[in-house]
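Pasting a structure below so you can have a look.
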2 protein chains.
Amino acid sequence: MAKRFSVDTYVNGILNGDRVLLSRAITLVESRLPQDHELAQEVIANVLPYSGNAVRIGITGVPGVGKSTFIEAFGNYVIEQAGKKLAVLAIDPTSQRTGGSILGDKTRMESLSINLKAFIRPSPAGKSLGGVAKSTRETIILCEAAGFDAIIVETVGVGQSETAVHAMVDFFLLLMLAGAGDELQGIKRGIMEMADAIAITKADGTNTNKAKAARAEYQNALHLYPMSASGWLPKVSTCSALQQTGLDMIWQTITDYLKLTKENGYFERKRRDQNLQWMYEAIRQGLEDNFYAHQQVKEQLPTITEQVKSGQKSAFAAASELLKLV
Amino acid sequence: MAKRFSVDTYVNGILNGDRVLLSRAITLVESRLPQDHELAQEVIANVLPYSGNAVRIGITGVPGVGKSTFIEAFGNYVIEQAGKKLAVLAIDPTSQRTGGSILGDKTRMESLSINLKAFIRPSPAGKSLGGVAKSTRETIILCEAAGFDAIIVETVGVGQSETAVHAMVDFFLLLMLAGAGDELQGIKRGIMEMADAIAITKADGTNTNKAKAARAEYQNALHLYPMSASGWLPKVSTCSALQQTGLDMIWQTITDYLKLTKENGYFERKRRDQNLQWMYEAIRQGLEDNFYAHQQVKEQLPTITEQVKSGQKSAFAAASELLKLV
């Protein structure tokens, strides 16, 4: 990898909004080398006091919903109309980084990628979900310290990554297509219940009425859901990235949400809970990494797993047998 | 506690359907004493080959939905009409065992509790959710080995326990009241998405039409949900424990579900996955128990927790600091 700098160089660079040093620091965060890891932790510890001031927005939707197009249009709105500096991060463990391209695809987010108030960073390649989540979480801190006051964390609504994103953002936006039914089946169960808002995309041309009908249908369905602990009732709206419509409504919804949850204390409480949740999660991950890397556990796990699957051995007996090995 | 028997005595007693020895074995499973724990594991290892043949049904609903009354009526139906031997277990970490009473309340399930084909066991007292879940999971094995071929695991739809129950049953039934709105707010987000069926309770008298309307509304809402991996579309029905109506429909739904999932292989796959899930969960629990019981971790955790909550220390730095202590 590229030359490493001193902690001070990274820290001062980030705090001065230097995009190159920010990128380099993120590369450290994503690195698997122990010496990079240590350096990254020092950088993070130093910029931590300057982080936390952005609105963190998670955006998800199945492939085909027009997520990139939406984020490009919405991102430009957030920068131009709301006056924010925006960082877009992706959390997608399956994606391959393709030579510094934007979110893995050179044709995506063309106008946003050249906007000087936008910073776009694809998902780190070759990492597990836990690894990607950890990198993204730390990248949020770096971007905030660099002055980005709106962070979008993008994910694909088909896997486990939504739960990880939900645990690192303030607001969770689900993109949906009109013409419910088949498309929905790609959305993992449980994701809809996480959403603070649903936006029906591609509400333009002949699709406009279908989108409006879908909007009413989802709003109805959401009324059946239990009230969130935030006291917020999820909103459904329609939008068109093509016609640049509905983007203002979505930003307004986010603003309303922030106002409500900052007033009732939920915002601060959620941030604190998220911090703790990440600590406990990192401890769990560390304990499990050590355990499953243990030589004897590695040797015996396959046999014991088969015995448990076939019902020859109870799950608890198997666990205590394995725990005795370390 | 009462006198302990030999492993053979417990095992033979259970396999002969001896309710006293079954109860005693469950008490071993619930015990915190290490010697009881070992004895329990031996008993379980011996009866394990005779377990697995029951249909395992999770039932949840908020307080006030009439869960006990429903389980009493439905349980009697399962025994009398479907010809099953039924065990009813409760998983509720907050409940207090009150001197051998039935599910914590002597007045509950009166007719079911005197039915010789029913076995009712309250939640073990004074245990964490993890502890209750483990005991209940092992109790299912014991009850199945004792010849019970229908197991109901009851829980209260307000906490985390539903996820644990969902991970140990074949079929998950959610009880709901008609007149949506406020009542729903007691249901934890995500529980509705776990349901294989929803039953609207108290569909009798002046409430009948309201229940029917709620049924249609929920069935509609469920159509918006993503298809489950089982290929099963959750069903909504109404019932009245008072008038003994709708119980046959619910049993029919469970039968249909079992037929579909046994044919398409989902049933077997889910059971195997659940076994593995419990093993990994027990390993995780074991690792965390050891870690958090470590003297230095106990001493430093409170300070570090505060630093993380207030944002002074990053979650990951805190975790690696704590992990270095053991």
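The values are calculated or read from the model by the stated rules, or taken from the named source; none is laboratory data. Bear in mind the structure is a predicted one, so any value in this text is a computation, not a measurement. Cβ atoms come from the backbone with ideal geometry, glycine included; neighbour counts cover every protein chain shown. To get the accessible areas, we keep the full protein, side chains included, count just its heavy atoms, and leave off ligands, DNA and RNA. Shrake-Rupley method; radii C 1.70, N 1.55, O 1.52, S 1.80 Å.
Please count how many residues of the stretch A:274-326 are in contact with a Pro (Cβ under 9 Å, 6 or more places away or on another chain) and more than 7 Å from chain B (Cβ to nearest Cβ).
1
On to the next question. Could you tell me how many of the residues in the stretch A:207-223 are open to solvent by less than 10 Å² (accessible area, probe 1.4 Å), of a type in the set (A, V, I, L, M, F, W, C) and within 14 Å of chain B (Cβ to nearest Cβ)?
Number of matching residues: 3.
Could you say which residue among A:Glu162, A:Glu154 is surrounded by 20 or more Cβ atoms within 10 Å (Cβ to Cβ), modelled with pLDDT of 85 or more and touching a helix residue (DSSP H, G or I) at 6+ places or on another chain (Cβ under 9 Å)?
Selected residue: A:Glu154, the only one of A:Glu162, A:Glu154 that is surrounded by 20 or more Cβ atoms within 10 Å (Cβ to Cβ), modelled with pLDDT of 85 or more and touching a helix residue (DSSP H, G or I) at 6+ places or on another chain (Cβ under 9 Å).
Just checking, does the stretch A:79-87 include any residue being within 14 Å of another protein chain (Cβ to nearest Cβ), open to solvent by 30 Å² or more (accessible area, probe 1.4 Å) and at pLDDT below 95?
no
In this structure, does B:Asn16 turn out to be within 13 Å of another protein chain (Cβ to nearest Cβ) and open to solvent by 20 Å² or more (accessible area, probe 1.4 Å)?
no
Out of (1) free of Cβ contacts under 8 Å to residues at least 24 places away in the same chain; (2) within 14 Å of chain B (Cβ to nearest Cβ); (3) over 22 Å from A:Phe74 (Cβ atoms); (4) surrounded by fewer than 16 Cβ atoms within 10 Å (Cβ to Cβ), what's the single condition that is false for A:Gly231?
(1)
Any residue at all in the stretch B:251-261 that is more than 30 Å from B:Leu233 (Cβ to Cβ), among the acidic types (Asp, Glu) and out of contact with any strand residue (DSSP E or B) (no Cβ under 6 Å at 6 or more places or on another chain)?
No, the stretch B:251-261 contains no residue that is more than 30 Å from B:Leu233 (Cβ to Cβ), among the acidic types (Asp, Glu) and out of contact with any strand residue (DSSP E or B) (no Cβ under 6 Å at 6 or more places or on another chain).
Here's a follow-up. Return yes or no: is B:Gln312 in a helix (DSSP H, G or I), open to solvent by 20 Å² or more (accessible area, probe 1.4 Å) and polar (S, T, N, Q)?
No; evaluated as a whole, the condition is false for this residue.
Of everything in the stretch B:20-77 that's within 16 Å of the chain's Cα centre (by Cα) and of a type in the set (Lys, Arg), which residue is nearest to B:Ile140 (Cα to Cα)?
This residue is B:Arg56.
Step by step: first the residues of the stretch A:21-50, then only those that are free of Cβ contacts under 8 Å to residues at least 40 places away in the same chain and among the small types (Gly, Ala, Ser), then the one that is farthest from A:Val132 (Cα to Cα). Which residue is that?
In this case the residue turns out to be A:Ala45.
Do you know which residues across the stretch B:80-95 are part of a loop (DSSP other than H, G, I, E, B) and within 21 Å of B:Phe148 (Cα to Cα)?
If the condition is that a residue be part of a loop (DSSP other than H, G, I, E, B) and within 21 Å of B:Phe148 (Cα to Cα), then B:Gln81, B:Ala82, B:Gly83, B:Lys84, B:Lys85, B:Ile91 are the ones that fit.
One residue is enough: does the stretch A:239-260 have a residue meeting the conditions of a type outside the set (Lys, Arg), in contact with a helix residue (DSSP H, G or I) (Cβ under 9 Å, 6 or more places away or on another chain) and free of Cβ contacts under 8 Å to residues at least 12 places away in the same chain?
Within the stretch A:239-260, none of the residues are of a type outside the set (Lys, Arg), in contact with a helix residue (DSSP H, G or I) (Cβ under 9 Å, 6 or more places away or on another chain) and free of Cβ contacts under 8 Å to residues at least 12 places away in the same chain.
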